[in-house]
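This report refers to the structure that appears directly beneath it.
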Amino acid sequence: MRGRGGRPEGYCHRAVLDAIRYLVDNGIKWRAMPADFPPWDAVYAFFRRWRDHCLAKEFHDRLRGQVRMRLGQDAEPTAGVIDSQSIKADAVVGSDSRGFDGGKLVNGRKRHVVVDTLGLLLGVMVTSADVGDRAAAQVLLRQVADAHHLLELVWADGGYTGSLVEYCLATFALVLAIVKRSDDMRGFVVLPKRWIVERLFAHLMRSRRLARDFERRTTSAEAMIYWSMTLLMTRRLARTRPQRA
């Protein structure tokens, strides 16, 4: 990656990929890496290098395009859904990247995500829990709009109302449609389009490494989410693989 050359690498990249996905799925510590995989410090060195060069996102995005085409969709989406999730942070998370969400009563971090209509991840940003949804959405939607030029429509909940709707239309040529919950609704009700992103949050909470934020850096937390979604899409591709005659 740095163009320096040197001796050949001593570990298979496939084994390193499997080790990282095993860590994310089973919630182990780096030093608890099973002996079947390369040494934990070598795996962590690859994880850190791929994180800093945004290769975890690139791996994920390439796989997402394959999944969409396998399911009969175009590789690039035209519509998506945005939402956020506040989660508790571990003691290793410093005060500079953690906060208190007064609405959810959570002391930790917040995951802001945009998914397509299939529930596949288009973009993620991890902030402290006290960051507002509209402020984070301006940054995240800019990143997603720059990466996906065909994106035209994004559904959101009532927390994204206000000037953000006009800002997205004027700046990104992106229609932000608000799906509100009726005042007369009682209990749990499945709302159109919003359930898609809630399903992604449910998947993240089933991953032991992501049930609580254990990462010191927000970039590591974002990379863990990409690795978790990569594992999910790999399983989906395996289920939809055509059978040989």
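Summary of values
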item	result
Fraction of accessible area attributable to carbon and sulfur, the chain (%, probe 1.4 Å)	51 percent
Cβ-derived FRET efficiency at R0 35 Å, residue 169 paired with residue 208, nearest 0.05	0.30
Burial order of peptide ranges 9-18, 112-121 (average beta-carbon count within 10 Å, highest first)	112-121, 9-18
Cut-off 19 Å, label 7 Å out along Cα→Cβ of residue 91, residues of segment 27-52 by amide N	28-32
Rounded to the nearest 20 debye, dipole of segment 84-151 from Cβ charges on Lys, Arg, Asp, Glu	120 debye
Among 132, 103, 27: highest mean-square fluctuation, GNM of the chain, C-alpha pairs under 10 Å	103
Cα long-axis angle, helix 55-70 against the chain (0 to 90 degrees, to the nearest 10)	70 degrees
Accessible area of residue 205 in the full protein assembly, 1.4 Å probe (Å², nearest 10)	80 Å²
Charged-residue dipole, Cβ positions (Lys, Arg, Asp, Glu), the chain about Cα centre, Debye nearest 20	960 debye
Whole-Å distance, taken between Cα centres, linking segment 149-167 and segment 1-62	36 Å
Calculated from backbone phi, Karplus (6.51, -1.76, 1.60) coupling profile of segment 133-140 in Hz, x at Gly/Pro	5, 5, 5, 6, 5, 4, 6, 5
3J(HN,Hα) from dihedral phi, segment 218-228, Karplus parametrisation 6.51/-1.76/1.60, rounded to Hz, x for glycine, proline	5, 5, 5, 5, 5, 5, 4, 5, 4, 5, 5
Residue with peak Gaussian network fluctuation, the chain [Cα springs, cutoff 10 Å], from 78, 230, 218	78
Heavy-atom SASA rank of 30, 40 (probe 1.4 Å, accessible area, largest first)	40, 30
Normalised contact order of the chain, rounded percent, pairs of Cα under 8 Å and 6 or more residues apart	24 percent
Which of 38, 122, 99, positive extreme of dipole for segment 1-132 (C-beta unit charges)	38
Integer Hz, Karplus 6.51/-1.76/1.60 couplings in order for segment 194-207, x for Gly and Pro	5, 5, 5, 6, 5, 5, 5, 4, 4, 5, 4, 6, 7, 7
Residue of 128, 95, 207 that the Gaussian network model of the chain assigns the largest fluctuation, springs spanning Cα pairs under 10 Å	95
Helix-only mean residue ellipticity at 222 nm for the chain, each DSSP H run of n ≥ 4 adding -39500 (n - 2.57), per residue, nearest 500	-13500 deg cm²/dmol
Relative contact order of segment 1-95, pairs being alpha-carbon contacts under 8 Å that are 6 or more residues apart, as %	15 percent
Probe 1.4 Å - accessible area at residue 169, Å² to nearest ten	100 Å²
Accessible area per residue, Å², the chain with all protein chains present, probe 1.4 Å	55 Å²
Distance between modelled label sites at residue 74 and residue 35, nm, 7 Å Cα→Cβ extension	5.3 nm
Option label - Cα extents along the principal axes in Å computed here, alternatives (1) 45, 38, 35; (2) 61, 52, 38; (3) 46, 41, 30	(2)
For segment 103-245, alpha-carbon Rg and Dmax in angstrom	16.5, 56
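The values are calculated or read from the model by the stated rules, or taken from the named source; none is laboratory data. Since the model is a prediction, treat every value here as computed from it, not as a measurement. As a convention, Cβ positions derive from the backbone with ideal geometry for all residues, glycine included, and neighbour counts pool all protein chains shown. Surface accessibility is based on the protein's heavy atoms, side chains included, excluding ligands, DNA and RNA. Shrake-Rupley method; radii C 1.70, N 1.55, O 1.52, S 1.80 Å.
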